[in-house]
Amino acid sequence: MPLPKVYPRVMGTMLDELNARLAKGYRARAFEDADREPIVAEGNAEAHPMEAETADEWRHWDAMSEDPSRLRVTLVAPDGSVAGTAVINAGMTPLPDGAQHAHVRVHRAHRRRGIGSAMLDALESEARRRNAPRLLSGASAGKPFALEWATKRGFREIGRRIMSYIELASYDPARWREPLDRVKRDGIHLRSFAEVLAERDDAGRERFWQELYEAEGPMWDDIPFSTPMPHWPFDRFHQLMVTSGQLLNDLSIVAYDGDTIAGFTATGDRAKRDGWTYMTGVARTHRGRGIAMALKVEAIDRAKAAGRRAMCTVNDEPNKAMRSVNSKLGYHAVPDSVELAKTLA
């Protein structure tokens with residue numbers, strides 16, 4: 001996608017401000033695609049093994065979440081190596097108040113030189129130029145030094161997101177037949193997206209996606225996000241679910257009560273090894289009947305049969321109902337992702 005005409009001017013302004021603040025020998029420049037490999041390698045060295053990513057995954061997600069407002073810079077050390085990065089953007093689903101997302105990362109060998117503070121100052125200046133009322137960011141609870149750094153610079157915790165996973169080699173599907181049998185006795189039918197789509201023509205498939213999106217709306221509204229987010233527009237939903245190639249239709253399950261969508265769980269691909277639960281929700285009219293548990297069990301059973309290594313998911317800390325379901329199934333949590341916010345004067 002071509003960059004908007006304003007991009008070079010805005011990037012130039014931010015780089016000028018940042019380079020004036022950096023420690024001697026360091027410089028900032030516009031991010032380049034080849035920077036992904038060293039940045040990912042450094043991030044993986046400090047992350048939980050289940051959080052490890054690849055540069056190609058990052059490229060893929062960037063391509064799916066095009067954001068003309070995104071500015072990303074790379075910090076270069078005196079020896080020419082990549083020493084860190086910073087980014088500001090509106091996010092995949094821009095927030096109504098215009099809040100901006102900002103993230104700073106300094107590689108281990110280059111910390112305690114004022115570099116992170118210089119990059120944050122430059123991001124805050126850019127956010128003010130965008131008339132953003134606040135900056136949103138995050139840090140792993142497994143890195144207390146990062147949380148302390150952010151707190152000293154005016155950020156406060158507004159919530160926590162918890163990634164958890166279940167390794168499928170040790171998962172025993174036989175233990176979890178009862179939730180499936182119970183919803184079946186209750187008249188609920190579980191079918192994979194692939195099975196539903198196979199029975200429909202092109203127009204019928206598009207109707208299915210529209211029906212699923214409309215069913216998701218009230219479920220989304222009830223998710224206790226740390227920062228409330230409006231239901232994403234249909235074009236974003238369609239992009240992730242249909243055109244991205246990320247969705248695993250054979251591991252994504254819809255619960256039908258007659259012709260009514262009573263709930264669904266959508267599973268995406270993660271590095272060709274794992275499944276990633278994008279969304280599990282149940283219609284308000286059908287809650288309390290064990291449908292969420294049955295959806296999760298069916299998806300996990302199918303993922304194990306398909307040879308996937310693990311199933312992963314992320315839930316906001318207040319979402320105790322879904323976290324309880326995951327805990328019962330044997331999911332393990334990695335260190336919390338602490339959601340942070342800073343009000344801009």
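The values are calculated or read from the model by the stated rules, or taken from the named source; none is laboratory data. Since we're looking at a predicted model, the values are computed, not measured. Cβ atoms come from the backbone with ideal geometry, glycine included; neighbour counts cover every protein chain shown. When the accessible area is computed, the model is the full protein with side chains, heavy atoms only, and any ligands, DNA or RNA have been set aside. Shrake-Rupley method; radii C 1.70, N 1.55, O 1.52, S 1.80 Å.
Quick look at the numbers
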| quantity | calculated |
| --- | --- |
| Among (1) open to solvent by 20 Å² or more (accessible area, probe 1.4 Å); (2) modelled with pLDDT under 95; (3) touching a helix residue (DSSP H, G or I) at 6+ places or on another chain (Cβ under 8 Å), the one test that residue 240 misses | (1) |
| Residue check for residue 281: in contact with a strand residue (DSSP E or B) (Cβ under 9 Å, 6 or more places away or on another chain), buried (at least 21 other Cβ atoms within 10 Å of the Cβ), under 30 Å from residue 144 (Cα atoms) and not polar (S, T, N, Q) | no |
| Neighbours by Cβ (under 6 Å, 6+ apart or cross-chain): first from the range 310-332, free of Cβ contacts under 8 Å to residues at least 24 places away in the same chain and within 13 Å of residue 279 (Cα to Cα); second assigned to a helix (DSSP H, G or I) and among the basic types (Lys, Arg) | none |
| Helices (runs of 4 or more DSSP H) contained entirely in the range 1-112, each with at least 2 residues that are under 21 Å from the mean Cα position of the chain (by Cα) | 36-46, 55-64 |
| Residues satisfying the stated conditions in the range 225-235, i.e. modelled with pLDDT of 90 or more and closer than 14 Å to residue 279 by Cβ | 231, 232 |
| Hits in the range 32-69 - residues which are more than 24 Å from residue 332 (Cβ to Cβ), modelled with pLDDT under 95 and either open to solvent by less than 50 Å² (accessible area, probe 1.4 Å) or β-branched (Val, Ile, Thr) (or both) | 58, 62, 64, 65, 67, 69 |
| Qualifying residue in the range 148-156 (condition: open to solvent by less than 50 Å² (accessible area, probe 1.4 Å), under 17 Å from residue 49 (Cα atoms) and of a type in the set (A, V, I, L, M, F, W, C)) | no |
| Residue check for residue 169: in a helix (DSSP H, G or I), over 29 Å from residue 260 (Cβ atoms) and open to solvent by 80 Å² or more (accessible area, probe 1.4 Å) | yes |
| Where a residue in the range 266-277 is open to solvent by 30 Å² or more (accessible area, probe 1.4 Å) and its partner, wherever it lies, is part of a loop (DSSP other than H, G, I, E, B), with Cβ under 6 Å and at least six apart | 273/309 |
| Subset tally (residues that are in contact (Cβ under 8 Å) with a residue 40 or more places away in the chain and touching a helix residue (DSSP H, G or I) at 6+ places or on another chain (Cβ under 8 Å)) for the range 187-216 | 9 |
